[in-house]
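For reference, the structure discussed in these notes is given below.
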Amino acid sequence: MAGVEQLKVEPLQPGGVSRLPMVCADCPLPHTVPPGTGQSWVDAAAHTWGFCGVQARIGDTPVGHVLISPPLNAPLRGPYASAGVSPDAAVILQFWVDPDHRGRGVGRHLLEELAALLVRRRVAGLEIRASRTGPTCVAPPEDWLLAHGFRVLREDVLASRLRMDLKATRSWLPSWSALVDGVRGLVGRPAPAGPEPARRPAPGPEPAHRSGPRRLSP
């Protein structure tokens, strides 16, 4: 529709973390300052993957973001203190969508873009804590995550540990699967034969000259 700005999802760099909106006062991440400020996992994620999350915007308005950490750099307090993480996974520390934009596909677009970026960097999985009763930005609704490619690794009454296996989930990601299929098609398809280059005709034999005296014009 004309005049309606489109949703844009892009990688989040360390410099953008301090400008994220304050979303959850009960978050185990520091809530006196924007999440990630002054924390080692921000730089560790950027060093490992080149970004520390993804952010969704409509125009200049932030409507959602996901923050990730390498497994060894996840905060030692909060949901990952006792649950543990797999060494081959990226850990989702915070998954937030603005309440006014929930139910419009923002979360799915964030997850698709994040998964596609991590697959290109050969990350095997995504792990997150999920809630069945009181979802928050650090423990989103379990049923939503299960419907979007995650599976339960460890049951918990309050917050289970879930994983998305990125290699097995490529077919679920429309943007990524289309990209992979396109690349495979280009690689597997022989290049079309172009037109034959123009060639000069081979020179023929020299014309025969008549022997005998040449007749002079008057």
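The values are calculated or read from the model by the stated rules, or taken from the named source; none is laboratory data. Model, not experiment: these values are computed from the prediction. Here the Cβ positions follow ideal geometry from the backbone for every residue, glycine too, while neighbour counts run over all protein chains shown. Surface areas here come from the heavy atoms of the whole protein model, side chains and all, with no ligands, DNA or RNA. Shrake-Rupley method; radii C 1.70, N 1.55, O 1.52, S 1.80 Å.
Quick look at the numbers
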| quantity | calculated |
| --- | --- |
| Sequence-distant residues sharing a close amide H with Gln94 (under 5 Å, placed H) | Leu67 |
| Accessible surface, 1.4 Å probe, highest first, among residues Met164, Met22 | Met22, Met164 |
| For the stretch 99-162: rounded, prolate or oblate by the Cα gyration tensor [a/c cutoff 1.5] | oblate |
| Solvent-accessible area of Arg57 with every protein chain in place, 1.4 Å probe, in Å² to the nearest 10 | 70 |
| Simple label model, 7 Å out from Cα along Cβ direction - Ser18 to Asp43, nm | 1.4 |
| Long-range HN-HN contacts of Ser160 with modeled amide H, under 5 Å | Ala130, Arg132 |
